[in-house]
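Bear in mind that the values in this text are calculations on the coordinates, not laboratory data. It should be emphasised that the depicted structure is a prediction, and the values quoted were computed from it without experimental measurement. Don't worry about glycine lacking a Cβ; one is built from the backbone with ideal geometry, like all the others, and counts go over all protein chains shown.
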Amino acid sequence: MKTRLIGLIVGAFALSACVGPRYVTSDVTRFHTLPAAPSGQSFAITALDKEQEQSLEYKQYADMLNNKLVGLGLRQFTGAGKADFVVTLKYGVEGPSPDVRSSNVNVGIGYGFGGPHWRWGGWYDPINDNYANTQQVYVRRVDLDIYNGATYDSAKPERVFEGRALSEGLNGQIVPVMPYILEALFKDFPGASGTTRTVRIEVPRDVDAAGTVSSPSARSSY
């Protein structure tokens, strides 16, 4: 009876976690010499190496980046000469971490008037069982640099913006989290230079992570 009741309680708790909101949280650091609100300048997105240039994955991220920049009022470069800005993107995943997040669930079970009852955290004369929920985490990193287009092909290209987003979460794939990390990088763009801020972007409820490695669909940290 005790084991069955514990199973029902833990199952109900897990189910409630499944329907809770999920977030991609990023620590965003930015340095720049840009005006407060750049607008009207042209830009070109350039791959850092040939392998990246041929990558279909990179092209998908470049499309996301293009939409973000156009949304800021910049223009995609299509003419002759050089773009006002050259934009580069680099990304990667580290992990899983040797350490794990751990949370303990303490279940108190007892009997009183009206039949069996319980509460989280323990109570009078409980039969206590502790359950540890451990999760390996990954660090997803995205680097975004913007250069003065007139100097990009020179020996000393002038960097006018450098941004870095570090996002720790349970998903070891960068594909499903890239839209939210880019959104964090462009939050209040270009922002105050020389600062780091934590940006949390909610993952829509209809996004299904079931097809990814270490899918965290039932977790609050995506």
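Here are a few things to note about the model shown:
- Peptides 165-173, 47-55 ordered by average Cβ neighbours within 10 Å, highest first: 165-173, 47-55
- Compactness of segment 22-75, taken as the C-alpha radius of gyration over 2.2 N^0.38 Å, stands at 1.38.
- Radius 12 Å from Cβ of residue 46, net charge of other residues (Lys, Arg +1; Asp, Glu -1): -1
- Rg/Rh for segment 161-204 (Cα atoms only, Rh after Kirkwood) is 0.96.
- Cross-link partners of residue 82 among lysines, defined as those whose alpha carbon lies under 23 angstrom from its own and excluding same-chain residues fewer than eight positions apart: 50, 59, 68, 90, 156.
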